[in-house]
Every structure is written in C-alpha cells, then in structure tokens.
1. Need a quick list: strands (runs of 3 or more DSSP E) entirely within the range B:294-383 having at least 1 residues that are farther than 22 Å from B:CYS202 by Cβ.
2. So B:PHE249 ticks every box in (1) touching a residue at least 40 places away in the same chain (Cβ under 8 Å); (2) buried (at least 19 other Cβ atoms within 10 Å of the Cβ) but one. Which box is left unticked?
3. Just a yes or no: is a residue in the range A:92-110 within 14 Å of chain B (Cβ to nearest Cβ), without any contact (Cβ under 8 Å) to a residue 24 or more places away in the chain and among the small types (Gly, Ala, Ser)?
4. Being of a type in the set (Lys, Arg) and within 26 Å of B:THR149 (Cβ to Cβ): is that true of B:ARG99 here?
5. Looking at the range B:324-340, I want the residues that are on the phi > 0 side of the Ramachandran plot and have a partner that is small (Gly, Ala, Ser) with Cβ atoms under 7 Å, at least 6 apart or on another chain. Which pairs are those?
6. Kindly evaluate B:GLU176 against the criterion of being under 25 Å from B:GLU120 (Cα atoms) and among the charged types (D, E, K, R).
7. Just to verify a result, which residue in the range A:112-138, among those that are within 14 Å of A:THR80 (Cα to Cα) and more than 16 Å from the chain's Cα centre (by Cα), is farthest from the other protein chains (Cβ to nearest Cβ)?
8. Name the single residue, out of those in the range B:1-37 being charged (D, E, K, R) and within 21 Å of B:ILE162 (Cβ to Cβ), that is surrounded by the fewest Cβ atoms within 10 Å (Cβ to Cβ).
Amino acid sequence: MITQPSIRNNTVLSNTLRVSRIVSSPLPALVNHPHHRNGNPKKSQWSITTVEEVAVFANALAEGWFGTTAGWGLHPPGSTPLYLGVAVDRAIGLFIARFVVSARHADWHGYPFDHRDSAREGPPAAVLNAWLASRLLTAAKIRKIVRGQRCSL
Amino acid sequence: MQPIKLTIPGRYWDSQVYAGRLYLFGMDGDIRTLDWDAAIGGWEIEPRLKLALVSGFLRSDFLYKGEFVAFFRDGEVKELIESKFEYLATVPLSLDEARMRKVQLGRQDNLFGFPHADCEIYGRNMFVAGPMGIERATCSKRTKLPVSTKIWKRFDASVFAIATSYGTVASAAGSEGLFEIPAFDSAYMDSSDPKPSSRLPCEDCHWAFQSIYGTSSVGDGFLLSYTRANYEEGIKRAFEKALSSIDLFGQTGFSWGVQDKLCLATNGGIEVVKYSPWNKISDHRLERLGTLKAVKNSTKIVAAGSAPFGYVVEYEDALVVYPSAGWPVLISGEPVNWRVFPRSRHYENQLHVVYDDRLEIFSFNHDYFVEQATKVSGIAVYRERMDLTEPFMRSKGRRMSQLSSFDIELA
C-alpha cells in the first residue's frame, strides 16, 4: 500500500516543483514531468503554472482526494473549477488533475486528466461524493465525469 | 404532437421504471420505489383522458398492437386519439410528496456504489455500474425490500456504461475497451480476468439485436456484428466481424446504434443506416436511409440514444428529440441524468430527465401513427397481434391489468 504523501511545508524551491520535505520524514515529493509542459503530442498539457499545479496538489492532499494509488485535484483550490490543461487533441479543455506516484522513486507527478479516457483511472466514488457534497461541481458535471462523457465548464 | 410531461419533485441521481415500479435513486443515498401502476392507474383525471394517461405512462404497447393499425387508418379515429394526447400535453401533471407516500413501496439505503455511472434492470435484477465495477441485486417483488440488500459483484473493473440483453451485460470501459459479462452465470466471478470483446475505446454501448454498438467521443464508434442461431440449449451468438463508423457511414462523427438504426451525427445532420442482421444477403444488411437535419452543432454532442419515438441527443446545454414524425423537440437545460427504455415493452415511449430539483417524465405518443417499416427516425416497433383466444394481456398466468380496469372510454 502506498503511503499517502502529506505536506508539512508547502514552500516551492526555485526552478523546481519540489515540495519541501521534513528531512527526517520519508515524505515523497511532487516533481515536474516536462512532457506535460513541452507540447508532447501524446500527452495532455498543463495550462496553469507550476506554482498553481503545486497548489492544486496541496489542496487535494488537504482535502483527502486520494485513492490508494492516485489523487485528483481541481483548480483553483476551494473555488469554482477552471480549466487547468488541454487534452491530447488540444481541442478539449481539462479541469481535473491526476497525481500518481512512481513506484521506483516514491515521487509524485501530476497531469491534466481526460476523464473520457479511462474508467479505471477516474476519481473513485469517495472523491466524486466529496466534490458533490462541496458543490464544487454540479451533479450534471459529476455524471459526465463518471460516464466518461464530454464535459465543459 | 407535443409530449405529455409528468413532474416528480425531489433531488435524484437516476431513475428506472420496470414491471409496474418506478425506482428513484436519491441524491441523499436512498432508493425510493413507487407503485407506478397505482400512481398512474389511480390518477384522478377526466375519463376522456384516461386512455392517453395510461398509454402514455403505463402501457405504451396498448396502441402499438397490430390491430390498431387498421383503426388508425381511419382519419376520424386517428384524429380522436391524437386529440386526447394533445390535450393531455397541456395539463400540468405532478406527483407531489403526498401522492408519492400513498404509492410508496419502500425507501431504503442505496447499497450500490454511488454515484453510479449507469444502471439497467434486466431479468428482474438491477445492475448498477460505475467506478466500483458492476453490481447486481434482485428486484423481483419477492424480496422484503423492493431492491434486495444482497449485492453481488459481477465485474471488478470500472465501467462507463452498460447495456443488457442475451444474458449478457455489455460494458463500455473507455480505453480498456468493451467487455461482455455474463449477467447471471454464478461461476463467472471465479474465472480468470475477462478479456474485452473489443479493445477499441468506447464510453457507451447499446444492443443492435444480437450485435453491440460501441460509442466513442475520442475515436470512431464501432459495431461488433454477431450472428445468432437457435440450438436446443438456447440461442447462441457468434462473433462475425467489427465494423467501424467509417466502414458504416464513410465518415467520422459521433455515432451510436440501437436495434435496427445506426446513427452518425456530423455537422448539420444525422445520417441513419438501417441494420437488418437477419438478411441472408450480407450486402443488404446495412441500408442507408437518409439524413436528418440537426438543430445544433454536432461537435458539442455529449451523448445520444434511440427509442421508438425518435433519437435523443444530448448537447452541452439541452436535449433534442428528433421524433419519428414532426419537428424536433428542444428540452433546454443541462440535465443531471436522462434515459430512455428501448428494450421495454410498456415504457418505450418514455424519456426520463433528472434535473437538480425534479424528475421529468416525458411521454411521446406520436409514433403509434407512423409506418414502422419505413420510418427514418426512431427504432422500429414490431407490432404484435393480439391473441384473441386469450384474455386481454394475460401473461404467464398472472392477470395483467386490462384496458377496462383503468376505466378507459374511447369517447
């Protein structure tokens, strides 16, 4: 079972996305994967800054929007969601971030998640219920996410 | 002809109607079951509107019977029946809380995964699918609660949509492809991981007779074509071939297929192909019927479905019904959920639309007067002949409600 990361100190070091870790703590870090910012034609692309990405990750942690192997976030934290990236086709805006951990390095990285892609990788019921309860997303939007349907904000 | 509309206030996620019962999945995590036969059968309304009310919400098959075709060819009879539906469409119908309590059969915790992506009732069992996989529970009217609290897991992997027929739950799992899961085989869950019937991505699926159509908004839709044969032990399906939407329509677009109609929406129109898998000449199994004019931009399509009364297309902020006769019907607003019941024998004319504060049940009744073999919009209804040697609508020893028991007068 993967230990969920937590943030004790959300300082962002210059030029990196590293979330400061307590030296003695075995906490993983959030790292920046360049292929989600370099126009890689096979990857979704972020449209928010790295600082904003960290904030999305930190908020997802604070809210507990994590399953056993992945976490999901919305931008901006605590407010009506906005788009945070674009899909592989570059035509569809994406508003859910997905964070996954590398088994080898225990580092986390995130990417804009296309909920139409995989039923298996989508947010679990607990996260969807949290978004419903907090009214960050309407029931209609939640239905489209859980059905893998086209969804605009 | 405008649809009849019945409103049920409340906060719901989804709805189902089956065998005289209406199931309401509440946003608070409950399932409320209503005696739908009693709710509509006991509705106080002018006697002259009873036929429209009962046909509209309880027994769509009344007026699809083969014998009525001759009646409807009489212009005066047709006009009389149509006038009843048209008048009822102007009457606001609402099932308020007091009425709901009178016909409530049960209100229980929803033990299925919630929020679910899709659900179907098949063979007196409720199948619910979503991030939790596919779960099943009996709703056979023989359990203490309307939906059994014994939940069986049928499939572990997350799915986007399901469709049931031929003892099988077709399951659309996005990039993982389309799976066919035995609906009732108790040994299934002990077997090894299932392989998908197709690895083509799809987020929705429907049955086209014994074949399955997979809908994809990220790729091309596809038809998994099967043949069927009768054996002593039952009907068996055999995979024949997979056809993409490009094979079927010669172009890309948002496509879907239910029973005898396969559709593809492109800018400006909906192409329709008639599917007749029983045709001995394989080249004649697919027949181009024509193009319907679309009222909205097809690049914004969210989902689509088919019913006898026409095609239902969901756009970002509205549903549009392309009816088998008449002008398209625009239903504004972004719904929480919606569904039609193309496999149903009694509710095939209904469209359920869930909004934040209510469920609206639309009943479309224009299709009784449409020539089924040649219509372009909507799936064909194969009209049964009434068995005049049997009491009207007796089925399996259980006495079905007769026309007269609803005090219906044709005046």
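Quick note: the coordinates plus some simple rules give every number you see, no bench work behind them. The model shown is predicted, which means the values in this text are computed figures rather than measured ones. For neighbour counting, all protein chains shown are included, and Cβ atoms are generated from backbone atoms with ideal geometry for every residue, glycine included.
1. In the range B:294-383, B:310-315, B:318-323, B:329-332, B:350-355, B:358-363 are the strands (runs of 3 or more DSSP E) which contain 1 or more residues that are farther than 22 Å from B:CYS202 by Cβ.
2. Against the list (1) touching a residue at least 40 places away in the same chain (Cβ under 8 Å); (2) buried (at least 19 other Cβ atoms within 10 Å of the Cβ), B:PHE249 comes up short only on (1).
3. No, there is no match, as no residue in the range A:92-110 is within 14 Å of chain B (Cβ to nearest Cβ), without any contact (Cβ under 8 Å) to a residue 24 or more places away in the chain and among the small types (Gly, Ala, Ser).
4. On the way: of a type in the set (Lys, Arg): yes; within 26 Å of B:THR149 (Cβ to Cβ): no.
Answer is no for this residue.
5. Filtered contacts from the range B:324-340: B:GLY333/B:ALA318.
6. On the way: under 25 Å from B:GLU120 (Cα atoms): yes; among the charged types (D, E, K, R): yes.
Yes; evaluated as a whole, the condition is true for this residue.
7. Only one residue fits best here, namely A:SER134.
8. Within the range B:1-37, the match that is surrounded by the fewest Cβ atoms within 10 Å (Cβ to Cβ) is B:ARG21.
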